[in-house]
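The values are calculated or read from the model by the stated rules, or taken from the named source; none is laboratory data. Computed from a predicted model, the values in this text were never measured in an experiment. Every residue, glycine among them, receives a Cβ derived from its backbone with ideal geometry; neighbour counts consider all protein chains shown. Surface accessibility is based on the protein's heavy atoms, side chains included, excluding ligands, DNA and RNA. Shrake-Rupley method; radii C 1.70, N 1.55, O 1.52, S 1.80 Å.
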Amino acid sequence: MELNLNLFLVLSAVLFSIGVVGVLVRRNAIVIFMCIELMLNSINLSLVSFSSFLGNDSGQVFVFFVLTVAAAEAAVGLAIVISLYRNKETLDINKINILKW
């Protein structure tokens, strides 16, 4: 059985859609971070799929950059979430309103 590009792109679109819905619907900051990571990984899947389909390795190099940015985002984001939890004792983004007037 040979896998073609369309299957990977459909899977990537489904994963990205799940991530977008998770970011828009959920109110827990940790779940929102996980949904953002899901969206980034779906983009990585698309990049690797196109790279493999076209026979060019540049897509895989972009994946390393995306993974690096995702790791930095996760580290900084989790530090912010931990700091907010220590101050507000909740992770509900509706109750975290310290940036509002």
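Among (1) exposed (fewer than 11 other Cβ atoms within 10 Å of the Cβ); (2) at pLDDT below 90, there is one condition Ala75 misses while meeting the rest; what is its number?
Status for Ala75: all satisfied but (2).
Pick out the one residue from Ser51, Ser17, Ser12 that is touching a residue at least 24 places away in the same chain (Cβ under 8 Å) and among the small types (Gly, Ala, Ser). Full working, then the answer.
Working: Ser51 fails: touching a residue at least 24 places away in the same chain (Cβ under 8 Å); Ser17 fails: touching a residue at least 24 places away in the same chain (Cβ under 8 Å).
Going through Ser51, Ser17, Ser12 in turn, just one is touching a residue at least 24 places away in the same chain (Cβ under 8 Å) and among the small types (Gly, Ala, Ser): Ser12.
Which of (1) in a loop (DSSP other than H, G, I, E, B); (2) touching a residue at least 60 places away in the same chain (Cβ under 8 Å); (3) not charged (D, E, K, R) does Ile32 not meet, given it meets every other one?
Ile32 satisfies all of (1) in a loop (DSSP other than H, G, I, E, B); (2) touching a residue at least 60 places away in the same chain (Cβ under 8 Å); (3) not charged (D, E, K, R) except (1).
On the given criteria, is Ile96 among the hydrophobic types (A, V, I, L, M, F, W, C) and surrounded by fewer than 17 Cβ atoms within 10 Å (Cβ to Cβ)?
So Ile96 does not fit the description; no.
Touching a Ser or Thr at 6+ places or on another chain (Cβ under 7 Å) and either surrounded by 13 or more Cβ atoms within 10 Å (Cβ to Cβ) or among the acidic types (Asp, Glu) (or both) - does that describe any residue in the range 58-67?
Yes, the range 58-67 contains a residue that is touching a Ser or Thr at 6+ places or on another chain (Cβ under 7 Å) and either surrounded by 13 or more Cβ atoms within 10 Å (Cβ to Cβ) or among the acidic types (Asp, Glu) (or both).
Which of the residues belonging to the range 17-40 are out of contact with any Asp or Glu (no Cβ under 6 Å at 6 or more places or on another chain) and open to solvent by 80 Å² or more (accessible area, probe 1.4 Å)? Show your work before the answer.
Here is the first cut: in the range 17-40, the ones out of contact with any Asp or Glu (no Cβ under 6 Å at 6 or more places or on another chain) are 17-26, 28-40.
The answer is Ile18, Val21, Leu24, Val25, Arg26, Met34.
Scan the range 55-101 residue by residue and report those that are without any contact (Cβ under 8 Å) to a residue 24 or more places away in the chain, among the polar types (S, T, N, Q), closer than 22 Å to Val23 by Cα and in a loop (DSSP other than H, G, I, E, B).
The answer is Thr90, Asn97.
Residue by residue through the range 18-29, note down the ones that are at pLDDT 90 or above and either over 20 Å from Leu47 (Cβ atoms) or more than 11 Å from the chain's Cα centre (by Cα) (or both).
Correct list: Val21, Gly22, Val23, Leu24, Val25, Arg26.
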